[in-house]
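The values are calculated or read from the model by the stated rules, or taken from the named source; none is laboratory data. These figures come from a predicted structure and were not determined experimentally. Here Cβ is always computed from backbone atoms with ideal geometry, including for glycine, and neighbour counts include all displayed protein chains.
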Amino acid sequence: MNSNAHFRHFAERAAAGEPVLPQCGSCQAVFMPPRAVCPECGTPGPGWVPGAGATGTLYSYTVVESREGPIIIGLAELDMITEGSKFYASVLGIDAGDVAVGQRVRLDTAENEDGVLVPVLMVEGGTK
Amino acid sequence: MTDVALAGMGIAETWAPGHRDTMDVMADAALKALADAGLRPGDVDGVFTATAQVMLPTLALSEYLGIQPRYLDSTVHGGASNLSHIHHAIAAIRDGKCEVALVVYGSTQRTALKASGSRPAVASVPPVESLASPMFPISSYALMAQRHMAEFGTTREQLSSVAVAASRWGSLNPAAQRRDILTHEEIVASPKLSSPFHKLDCCLITDGAGAVVVTTAERARKLNTKAVQINASAEFSGHEGVMAMKDLVRTGASVTGRAAFEMAGIGPGDIDVAQVYDAFTINTILLLEDLGFCPKGEGGKFIAEGNIDPGGSLPTNTSGGGLSFSHPGMFGIYTVLEAMAQLRGEAGGRQVANARRAVAHGIGGTMSAHCTLVLSN
Ligand SMILES: [Zn+2]
């Protein structure tokens, strides 16, 4: 995996239960994934903005048949993120058979199979 | 500007799981391509290789074949790599940096899978995506497919029509690893992997190697009466992972397709046969749309109506493609090899009558790298 310092910070803050999103200090764009240079204006060294509770719309999803049963992975357009950048995470709060493009989602954290908190997309008013 | 051509082609014999090493399938394909062009290894002065299994592959293969190249290129960006090699070789030849370029791909990934339980990785999951434990790269393409269905009403049956068409072509190709013609019912009865994809929406996992020889059109004509002209080439990348892909249903193929057609001075309507990298069923839909062969959003309908089938208006992936012919990892070289076979009139029972102009399109990563070639006989 091509890990990097910006991803490490993103994952560490989520693991602490305080998910963050990269934000450009120059043009203020909020974007994903974390990277060295703002994709909107080219300024290096972006900072961070709190992301917990950020809401948005499910842009696409896929139901992965894992050994533990079906898991949903989604790409969301978060309202605070500049158009084009998307948030990729597990989708929780809904049965795999009920998930649909266009559903409202909220950025949260939840434990993965190793007990580590990771960012997730929670479906608002979902079926579970 | 110097015209450049494809003077030779070679495909290695590979029946995995076997006991051949990656170097040997690469050397086999390379020597066949050189023999086809009437050349010997010592005539080569530019070597271009891609593989996920050999370290320093351009150096290793050059030594193995007794070549001391003055132009070296080990560009690796997945399934577009070998098309990019050709794109780069054109520039190098025009600039006088080399005259005979050997472009090679090889993989024994099926043998490796059988031996170790895992396939040599061509790409790694992007860091943020890894937190969600996806089925990489299948889930990335599945997200494109699901979005295409939501945005344009593409149906599950239309996705199946891509694999059915590929299998119809594969049934006509004695070298195809899948010879049976699939049905929609069989595809949706195959194991679910990452929705909307089932196992039969995904490419084969095979061993294989292929090579082509690129040189000046003038020299190619002297060497081989069946030389294929390269009319245009273009490459582009807009992202690596799907999070950074601005629009999951509009790909970089629209950039390279437009550039290549403009350079060739023709349009999609002038193309007799298309070869596009079909790692997953959605690929053929997206790439045919973005290369301009049908309107955006209508790729599923276009394919389900039989346009890319044998006898259709745009015969596509006529070898059987990655879905039915072979898929040893970075499939790009096979889009070129099959375009050449068609333009040379050597495609046997799957030959498209009067095939004069072809498009070969490779993709790498998750619809990340794109390279389009326009070829003619
Ligand atoms: Zn900026």
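Just for segment B:100-141: of the residues that are without any contact (Cβ under 8 Å) to a residue 40 or more places away in the chain and of a type in the set (G, A, S), which one is surrounded by the fewest Cβ atoms within 10 Å (Cβ to Cβ)?
Applying the filter and picking the extreme gives B:G117.
Restricted to segment A:7-31, and to residues that are over 13 Å from the mean Cα position of the chain (by Cα) and either free of Cβ contacts under 8 Å to residues at least 12 places away in the same chain or crowded, with 19+ Cβ neighbours inside 10 Å (or both), which residue is farthest from the ligand (Cβ to nearest atom)?
This residue is A:E12.
Do we have A:P70 as within 14 Å of the ligand (Cβ to nearest atom) and not aromatic (F, W, Y) here? Spell out the reasoning first.
Working: within 14 Å of the ligand (Cβ to nearest atom): no; not aromatic (F, W, Y): yes.
It is false that A:P70 is within 14 Å of the ligand (Cβ to nearest atom) and not aromatic (F, W, Y).
Condition first: among the aromatic types (F, W, Y), within 14 Å of chain A (Cβ to nearest Cβ) and either under 21 Å from the mean Cα position of the chain (by Cα) or in a helix (DSSP H, G or I) (or both). Can you find one or more residues in segment B:152-161 that meet it?
yes
How many residues does segment A:1-54 contain that are in contact with a helix residue (DSSP H, G or I) (Cβ under 8 Å, 6 or more places away or on another chain) and of a type in the set (G, A, S)?
3
Condition first: away from chain B (no Cβ under 11 Å) and outside any loop (DSSP other than H, G, I, E, B). Now tell me which residues in segment A:22-59 satisfy that. Reasoning before the result, please.
Pass one, segment A:22-59, residues away from chain B (no Cβ under 11 Å): A:23-30, A:36-38, A:40-57.
A:Q23, A:V30, A:V37, A:P44, A:G47, A:W48, A:V49, A:P50, A:T55, A:G56, A:T57, listed by residue number.
I'm trying to understand the selection: among the residues of segment A:105-128, which are of a type in the set (K, R) and in contact with a Ser or Thr (Cβ under 6 Å, 6 or more places away or on another chain)?
Of segment A:105-128, the ones of a type in the set (K, R) are A:106, A:128.
Selection gives A:R106 alone.
State whether the residues of segment A:97-109 include one that is surrounded by 14 or more Cβ atoms within 10 Å (Cβ to Cβ) and either of a type in the set (S, T, N, Q) or within 16 Å of the ligand (Cβ to nearest atom) (or both).
Residues of segment A:97-109 that are surrounded by 14 or more Cβ atoms within 10 Å (Cβ to Cβ), as a first pass: A:99, A:101, A:103-109.
Now restrict to residues that are either of a type in the set (S, T, N, Q) or within 16 Å of the ligand (Cβ to nearest atom) (or both): A:103, A:109.
Yes, the conditions are met somewhere in segment A:97-109.
Yes or no: B:A279 within 23 Å of A:L75 (Cα to Cα), of a type outside the set (D, E, K, R) and within 15 Å of the chain's Cα centre (by Cα)?
So B:A279 passes the test.
Out of curiosity, is A:A76 within 14 Å of chain B (Cβ to nearest Cβ), more than 16 Å from the ligand (Cβ to nearest atom) and of a type in the set (G, A, S)?
Considered against the rule, which asks whether it is within 14 Å of chain B (Cβ to nearest Cβ), more than 16 Å from the ligand (Cβ to nearest atom) and of a type in the set (G, A, S), A:A76 comes out as yes.
The conditions are (1) in contact with a helix residue (DSSP H, G or I) (Cβ under 8 Å, 6 or more places away or on another chain); (2) more than 21 Å from B:V336 (Cα to Cα), and B:R110 fails exactly one of them. Which is it?
(1)
Considering each of A:P44, A:P34 in turn, give the residue that is within 16 Å of the ligand (Cβ to nearest atom) and either polar (S, T, N, Q) or buried (at least 17 other Cβ atoms within 10 Å of the Cβ) (or both).
None of the others qualify; the one that does is A:P34.
When residues of segment A:92-115 are filtered for being within 9 Å of another protein chain (Cβ to nearest Cβ) and modelled with pLDDT of 95 or more, how many remain?
At the first step, the residues of segment A:92-115 found to be within 9 Å of another protein chain (Cβ to nearest Cβ) are A:96, A:100-102, A:112-113.
Restricting the remaining residues to those that are modelled with pLDDT of 95 or more gives A:96, A:100-102.
Number satisfying all stated conditions: 4.
Test A:T82 against the stated conditions and say whether it is more than 16 Å from the ligand (Cβ to nearest atom), of a type in the set (S, T, Y) and touching a strand residue (DSSP E or B) at 6+ places or on another chain (Cβ under 7 Å).
Considered against the rule, which asks whether it is more than 16 Å from the ligand (Cβ to nearest atom), of a type in the set (S, T, Y) and touching a strand residue (DSSP E or B) at 6+ places or on another chain (Cβ under 7 Å), A:T82 comes out as no.
Does B:S376 satisfy the criteria of being among the small types (G, A, S) and farther than 26 Å from B:D180 by Cβ?
So B:S376 passes the test.
Step by step: first the residues of segment B:162-218, then only those that are under 16 Å from B:F280 (Cβ atoms) and basic (K, R), then the one that is farthest from the chain's Cα centre (by Cα). Which residue is that?
Only one residue fits best here, namely B:K192.
Just to check your reading of the model, which residue among B:M149, B:M135 is assigned to a helix (DSSP H, G or I) and within 10 Å of chain A (Cβ to nearest Cβ)?
Residue meeting the stated conditions: B:M149.
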